[in-house]
Amino acid sequence: MTALTGTTDYQQFFIDGDWTDPSSPRTVDVRAAATEEYLGSVPEATERDIDAAVAAARRAFDDPQGWSRWEPARRREALERFAVALEKRASETATRVSSQNGMPIWLAQQFEGGFPALLLRYYSGLVSDTPQEETRQGVLGGRARVIREPIGVVGAIVPWNVPQGITFLKLAPALAAGCTLVLKPAPETVLDAMLMAEAAAEAQLPAGVLNIVPGGSEVGAHLVAHPQVDKVSFTGSTAAGRTIAETCGRLLRPVTLELGGKSAAIVLDDADLASTIESFFASTLLNNGQICWLSTRVLAPRSRYAEVVDTVSGLVSSLRIGDPLDENTQMGPLVSARQRDRVESYIAKGRAEGARLTVGGGRPEGFDRGWYVQPTVFADVDNNHTIAQEEIFGPVLSVIPYSGEDEAVAIANASDYGLGGSVWTTDPERGEAVARRVHTGSIGINAYVNDPVAPFGGIKASGIGRELGPEALHSYQVLKTVYLDASSAQA
Ligand code: NAD
């Protein structure tokens, strides 16, 4: 089995542009998802370390000659250096993520190795190439200059499932806008975050612009409530998102929340699933089922129900389970024993509620180490079943029957969540008509791919605000109006 060569132990944090001693001897230890072996450690932040990181970000933001005041083109040069430094480490970053959380390596190369640099270039280009202010002729006689300014110090908190990709959904627009950041990675995936710190140091981002302090939910909560933070950007569970939203509500602090999902794959009666099976896999089971936007409820027309169940079950039973560092692996282990317990408890609930297990349901043979579960399909699922309502965050699909498009849309919409989704059809126009009726933040026809130019995010319990697209950039900016010629304006 391929593995990280040796272990990696970090002794310091990246704060204020430098490697900095921690205030406590405690460490965050990481184990490999596939082998349970020790991979490495980083210091665990205390509130004092968070305070030091926020103070550095504050100083960097408030510097009158600093990052937030630079011309966009100058920030673009610095972010290009950062992108190049990340690309030099892309292969190692992918390997670290894959080892830590079980993401298949070919996916880690795209999401974790390649996507961060792409996002840095997209956003720094966007800020450089589009005017960040405009002058409006007033109706009262004067003119108004409307200026987009960076919002300030951002507290960014990310989960373990796509640690680099999700981090750069926040970092890239925030840095390009002129914000400074304190990033708190999830404890399960801290080793890749340290590589990012090395890249930031090599790129000579000005001191304090990016600070990285790993730790658990308590230091995360301290960061969220910190008086010197201007905006919070969080990706994670809906439960944690609600707590963070309460804090930010009390503080009147802007917050972006990317939370859980339970999206629907609506298979229409004219679908040809066999010819789109690869994108069906990518839309429903990618990253071992550990992505928030996956379409884990498969809605199948009664007229073709048995055939759809067979196709989906055939796909899932054919998946190659294996070492995430093996290029041929389609399904790796889950991130942790805790996550496997969670997924197994949902499989037990599915059985107890009377759904029909067609594939999986246990642990794969030959994997006595690592947090593997068999990819699993339940048929005859009622949309009210727990496995159809709650986010499982593992490779478990529920196939739910429907009669007619109206019922399909009604079932898709009968969810607390509204994040992703997909429609499967040989008639793209019909697919779009159905997609428009689904209450969700984003939805694909015969595929689901987050393109950087288009906003991504949720409605209902899936969150507030959008990442990607110019919309994400705007969420790291505040609008300021300067009234020009105001004395000549008529009241
Ligand atoms: P989690 O909410 O437990 O943890 C996410 C991060 O938040 C971690 O860094 C954690 O330390 C921190 N955290 C937890 N509680 C906090 C609090 N009260 N204050 C501040 N920080 C806190 O989630 P998880 O189990 O690590 O990740 C899985 C969840 O993330 C799933 O529910 C999934 O749907 C969601 N997710 C959503 C998206 C999206 O874009 N919508 C993307 C990926 C994952």
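Residues in segment 222-255 that are of a type in the set (Ser, Thr, Tyr) and near the ligand (Cβ under 10 Å from one of its atoms): Thr235, Ser237, Thr238, Thr243, Thr247. If we scan segment 49-67, do we find a residue that is modelled with pLDDT of 95 or more, surrounded by fewer than 20 Cβ atoms within 10 Å (Cβ to Cβ), under 22 Å from the mean Cα position of the chain (by Cα) and not assigned by TED's automatic domain parsing to the domain that holds Asp326? No, segment 49-67 has no match at all. The residues in segment 240-286 that are over 25 Å from Ala433 (Cβ atoms), in a loop (DSSP other than H, G, I, E, B) and within 16 Å of the chain's Cα centre (by Cα) can be counted, and the count is 3. Being buried (at least 17 other Cβ atoms within 10 Å of the Cβ) and outside any helix (DSSP H, G or I): is that true of Val42 here? Taking the combined requirement at face value, the residue satisfies it. Of all residues in segment 451-474, those being open to solvent by less than 30 Å² (accessible area, probe 1.4 Å) and closer than 14 Å to Leu126 by Cα number 5.
The single condition among (1) within 16 Å of the ligand (Cβ to nearest atom); (2) surrounded by fewer than 23 Cβ atoms within 10 Å (Cβ to Cβ); (3) part of a loop (DSSP other than H, G, I, E, B) that Arg340 does not satisfy is (3).
Consider Asp310 carefully, then state whether it is assigned by TED's automatic domain parsing to the domain that holds Val396, open to solvent by 10 Å² or more (accessible area, probe 1.4 Å) and within 16 Å of the ligand (Cβ to nearest atom). Answer is no for this residue. Residues in segment 125-157 that are closer than 30 Å to Thr95 by Cβ and either part of a strand (DSSP E or B) or open to solvent by 10 Å² or more (accessible area, probe 1.4 Å) (or both): Val154, Gly155, Ala156, Ile157. Among the conditions (1) closer than 18 Å to Leu257 by Cα; (2) not assigned by TED's automatic domain parsing to the domain that holds Gln137, the only one that Ser475 does not satisfy is (2). Considering His226, His222, the condition of being within 15 Å of Gly155 (Cα to Cα) and open to solvent by 30 Å² or more (accessible area, probe 1.4 Å) is satisfied by His222 alone. Of all residues in segment 265-287, those satisfying the criterion of being open to solvent by less than 10 Å² (accessible area, probe 1.4 Å) and either without any contact (Cβ under 8 Å) to a residue 40 or more places away in the chain or closer than 18 Å to Gly394 by Cα (or both) are Ala265, Phe280, Ser283, Thr284, Leu285, Asn287.
Among the residues making up segment 398-449, those that are in a helix (DSSP H, G or I) and not charged (D, E, K, R) are Ala408, Val409, Ala410, Ile411, Ala412, Asn413, Pro428, Gly431, Ala433, Val434, Ala435.
Here Cys292 fulfils each of the conditions (1) in a helix (DSSP H, G or I); (2) within 14 Å of the ligand (Cβ to nearest atom) apart from (1). Inside segment 401-429, can you point out the residues that are surrounded by 24 or more Cβ atoms within 10 Å (Cβ to Cβ) and not hydroxyl-bearing (Ser, Thr, Tyr)? Once the filter is applied, which keeps residues that are surrounded by 24 or more Cβ atoms within 10 Å (Cβ to Cβ) and not hydroxyl-bearing (Ser, Thr, Tyr), segment 401-429 yields Ala408, Ala412, Gly418, Leu419, Gly420, Gly421, Val423, Trp424.
The values are calculated or read from the model by the stated rules, or taken from the named source; none is laboratory data. The model shown is predicted, which means the values in this text are computed figures rather than measured ones. Virtual Cβ from ideal backbone geometry, glycine too; neighbours counted across all protein chains shown. Side chains included, ligands, DNA and RNA excluded: accessible areas come from the protein's heavy atoms. Shrake-Rupley method; radii C 1.70, N 1.55, O 1.52, S 1.80 Å.
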